Each structure stands twice: as C-alpha cells, then as structure tokens.
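The values are calculated or read from the model by the stated rules, or taken from the named source; none is laboratory data. Here the structure is a predicted model, which is why all the values come from computation and not from measurement. Positions of Cβ are backbone-derived with ideal geometry, glycine not excepted, and every protein chain shown enters the neighbour counts. Calculation scope for accessible area: heavy atoms of the full protein, side chains included, ligands and nucleic acids excluded. Shrake-Rupley method; radii C 1.70, N 1.55, O 1.52, S 1.80 Å.
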Amino acid sequence: MKLSVYGKGGIGKSTTSCNISIALAKRGQKVLQIGCDPKHDSTFTLTGFLIPTIIDTLQAKDYHYEDVWAEDVIYEGFDGVHCVEAGGPPAGAGCGGYVVGETVKLLKELNAFFEYDVILFDVLGDVVCGGFAAPLNYSDYCLIVTDNGFDALFAANRIVASVREKARTHPLRLVGLVGNRTLKRDLIDKYVEACPMPVLEMLPLIEDIRLSRVQGQTVFEMAQKTPFREQKAHFHLICQHFMNIADQLLTEPEGVIPRELPDSTLFSLLSEFYFQSQSSPQGSDKVDKAGATPNFVVF
Ligand code: ADP
Ligand code: MG
C-alpha cells in the first residue's frame, strides 16, 4: 500500500504519519515513511534526530547514484519503521516534484521501493502545485489531515481537486479525512456533507502529543518507556486513535474519488453555516469559535 498524507502546514501531518507508521508496524507491516516536506522533519519523532536528506546525500556524491548506499539514506526508527527524508530544492528555486521524483528513482535503484508492505509519503499541501502533487503519482490512497477551521478545510478542498485530477490517470482514491487537534467537527461535517468522504478519526488537542514532538518520540515510544502504570495506560489510550486509523487502512477500504467544491461554494457553505450558528441560540454552543473564525469578508 502506498499512502500520501496531505494537509495544511502545521496541521499535524508528520505527527499523524509517524504514529500511523508505528501502528502499521505493530500490525506486522514493513513500513517506510518518506518525508517530502522541504522542512525535512517528518521522521524526527521516529528516529529522534534529523536524518540526512536524499538531496543532500546526492549532492555530496555529485549525483552519482551508484555511489549511494541504502544505509546513507534509509534510517531505522522506532519499532523498525524505516525513514527517508527527501529534502527540499534550494529555497526559492527548483521544484518539490523533482525532489520526490529523484527520491523514488534512488529508492528503486537501491531495490528498496518494492521491499515494503506500506510506503507512506508525508507531504505538505497548502499549495498543491504539480510538484507537490507528485507523490500522488505513486499512491493508492490519499489521506488528508484537517482541523475544524476554514483554512485547513480550504487546503483540504484543494487537495481533493488534485486527487480528482490524478485519479483520471492513476489508480488513486481518497481514503478520507483525519480531524486533528479538535473534538468539534461541525465544519468538517458540513464539508463532508457537501463533498462526501469518510472521516477516519478525530484526535483532540493532546498536550502529550505536543510534548512528544519536543522529546523526539512518538506517543507509542513514550508509552513503552514510561515506568509509571497510569501514564502508560494514558499513552495507550492516545495510541488507540492511530491503531484505529491503521486498522481501517489495512481493510483496504474502497475510498472515494471526490469532487471538490468550487471556492465560492466552499466560502458560502462554511461562512453561512458559521454565522447562522452564531445567531442561533441552539446552534451557538456547537460552534468551534477559535477554529471556525473566517479570515475573509462576506459581502
Ligand atoms: P505538519 O507536519 O502538518 O507541519 P506537525 O505534525 O509537525 O505538522 O505538527 C505541528 C505541531 O503540532 C507539532 O508540534 C505537534 O506536536 C503538534 N500537534 C500535532 N497534533 C497534535 C495534537 N493532536 N495535539 C497536540 N499537539 C499536536
Ligand atoms: Mg511535517
């Protein structure tokens, strides 16, 4: 299975990816996670450090692929999850798609690309230009991470458009959304009502997930390492969210080929809903005010 995780910057793609990778490994899958964000911190909580990127390694070897060994670029993280960071083009120059293409090419040269049960691409998705849509060329599934706010759903809708486009020529499906850092889901529900797709899981804002990033560990590792029984049980409960996503993926769900909403429809759908809920006493307690604050003018 090849899975691409997309979503707005900072929404929790890498956090979700690392924990899904471990959850899949716990189910016996051989997993490779490829960080495709030029920020190259996708696999940080799996390995505990920033691993050298493919592009840095290729540059150091003057792009002589034959001089690059698997151990130069593939690092083992927690629970045997293998990790690669594609790296980025020089700032303001080059193309993320080229970087992803080079990464896949090198992994194929190393006979590594077909060695895994699951390859997870962790990609960014504020702007899905041709370059950043490149991992979709290799993917069976796209998964989108969002919160309950306008901006992340707007980015999600852009990603949906890319999936729809790629699905014309590739066997690609949208497996669904993961709601992150929110328990409120009224705007998410409104969106999926208009643009049908599964919601695989909802993760609240969890202080220990935030801490896990600073500590360079996933919650699975924290669960394993803590000597305190109560804390272990608490971490296990958090891990259940990711086990649930992994188990759904392993059923090889059908997914959907979605049809994005026109921008104007999305704006009016979410803003009308927001303002109606604001003015209705019954609906007002259901609105995630922080998440849903629109950053646009309604005429
Ligand atoms: P992205 O890869 O989308 O840019 P990250 O996964 O790096 O985002 O997450 C950004 C920050 O948000 C990190 O510090 C991470 O620990 C934190 N974070 C992600 N998900 C949660 C959550 N459910 N609860 C609390 N903090 C979270
Ligand atoms: Mg990231």
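Which residue, of Ala155, Ala134, Ala167, is under 27 Å from Pro89 (Cα atoms), surrounded by fewer than 21 Cβ atoms within 10 Å (Cβ to Cβ) and of a type in the set (A, V, I, L, M)?
Checking each option against the conditions leaves just Ala167.
Please verify whether Thr45 is at pLDDT 95 or above, open to solvent by 10 Å² or more (accessible area, probe 1.4 Å) and not in a loop (DSSP other than H, G, I, E, B), treating the condition exactly as stated.
So Thr45 fits the description; yes.
Can you report the number of residues in region 211-231 which are surrounded by 13 or more Cβ atoms within 10 Å (Cβ to Cβ) and farther than 19 Å from Ala25 by Cβ?
Qualifying residue count for the region: 4.
Return only the number of the condition from (1) assigned to a loop (DSSP other than H, G, I, E, B); (2) under 30 Å from Gly179 (Cβ atoms); (3) away from ligand 1 (no atom under 11 Å from the Cβ) that Pro89 does not satisfy.
Status for Pro89: all satisfied but (2).
Just to be sure before I move on: is Asp67 over 22 Å from Gln33 (Cβ atoms), in the same structural domain as Leu124 (by TED's automatic domain parsing) and either at pLDDT below 90 or open to solvent by 30 Å² or more (accessible area, probe 1.4 Å) (or both) in the structure I sent?
Yes; evaluated as a whole, the condition is true for this residue.
For region 235-263, how many residues meet the condition of being acidic (Asp, Glu), over 17 Å from the mean Cα position of the chain (by Cα) and in a helix (DSSP H, G or I)?
Total satisfying the criteria: 1.
So Ile144 ticks every box in (1) open to solvent by 10 Å² or more (accessible area, probe 1.4 Å); (2) in a strand (DSSP E or B) but one. Which box is left unticked?
(1)
Considering only residues that are acidic (Asp, Glu) and touching a His at 6+ places or on another chain (Cβ under 9 Å), look in region 57-86 and name the one that is nearest to His40 (Cα to Cα).
So, considering only residues that are acidic (Asp, Glu) and touching a His at 6+ places or on another chain (Cβ under 9 Å), the one nearest to His40 (Cα to Cα) is Glu85.
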